[in-house]
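This report refers to the structure that appears directly beneath it.
Just so you know, all these numbers are worked out from the coordinates, no wet-lab data involved. In this text, all values refer to a predicted model and were calculated from it rather than measured experimentally. Cβ placement follows ideal geometry from the backbone for every residue including glycine, while neighbour counts extend to all protein chains displayed.
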Amino acid sequence: MRKYELVVVCNARVWEEERNKTLQEVEKHFSNNLIKKDDIWIKDAAYALHWKKDRTKMYLVSYYLELEPAQVAEIKKWMTYIQWIERYFFYSMKQDQQFFTYDELQKKVEDMFSTETE
């Protein structure tokens with residue numbers, strides 16, 4: 001088993017109920033392999049999604065998983081067809097690599113910059 005981070009980018013315009021249903025569908029495929037979940041929420045995109053100027057918001061969720069490589073291929077196969085998912089990214093992690101939540105990283109960056117200005 002290897003460790004992975006799966007980042008899911010959902011359409012931010014979808015009703016919360018529909019988005020939650022979609023994410024629950026995704027999560028049931030790896031619920032036994034889920035180590036940690038980071039529900040990042042809605043963020044601004046650096047560019048318009050799907051080349052549409054009014055599509056600049058995205059809903060992000062990050063999962064820390066322990067999977068077999070064959071499971072990753074299987075998940076990638078069916079993720080392509082889930083309606084409200086705009087994109088997804090799998091990152092293979094080293095065994096000693098640490099998973100950070102968005103809030104943890106924000107805090108580290110703030111701490112780093114606050115010590116530099118003192």
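Subtracting the Cα-Cα distance of Tyr102 and Glu86 from their residue separation scaled by 0.36 nm leaves 3.8 nm. The ranking of Ile40, Ile35 by Cβ neighbour count inside 10 Å, starting from the fewest, reads Ile35, Ile40.
Taking only DSSP H segments of four or more residues, each worth -39500 (n - 2.57), what value at 222 nm results for the chain once the sum is divided by all its residues, to the nearest 500 deg cm²/dmol? Before the final figure, lay out each step's value.
Details: 3 runs with 39 residues, N = 118.
Only helices count here, giving -10500 deg cm²/dmol.
Couplings for region 7-19, taken from phi via the Karplus curve 6.51 cos²θ - 1.76 cosθ + 1.60 with θ = phi - 60°, read 9, 10, 10, 9, 5, 6, 7, 6, 4, 4, 4, 5, 4 Hz in order; Gly and Pro are left as x. Stretched out straight at 0.36 nm per residue, the stretch from Thr115 to Ser31 would grow longer than its current Cα-Cα span by 26.3 nm.
Past 19 Å, Cα to Cα, is the threshold; run Lys28/Lys76; Lys21/Lys107; Lys3/Lys36; Lys36/Lys94 against it and keep the listed order. Correct reply: Lys21/Lys107. The modelled label-to-label distance between Ile40 and Lys76, using points 7 Å beyond Cα along the C-beta direction, is 2.0 nm. Using θ = phi - 60° in the Karplus curve 6.51 cos²θ - 1.76 cosθ + 1.60, the 3J(HN,Hα) couplings for region 61-69 round to 9, 10, 10, 9, 10, 10, 9, 7, x Hz; x is entered for Gly and Pro. Amide H contacts of Glu86: Val9, Cys10, Asn11, each under 5 Å away and 5 or more positions distant or on a separate chain (H built 1.01 Å from N in the peptide plane; Pro and chain starts excluded).
Per the Kirkwood definition applied to all pairs of different Cα atoms, how many angstroms is the hydrodynamic radius of the chain? If you can, show how the numbers build up before the last one.
Numbers: mean 1/r = 0.0638 Å⁻¹.
Mean inverse Cα-Cα distance, inverted, gives 15.7 Å.
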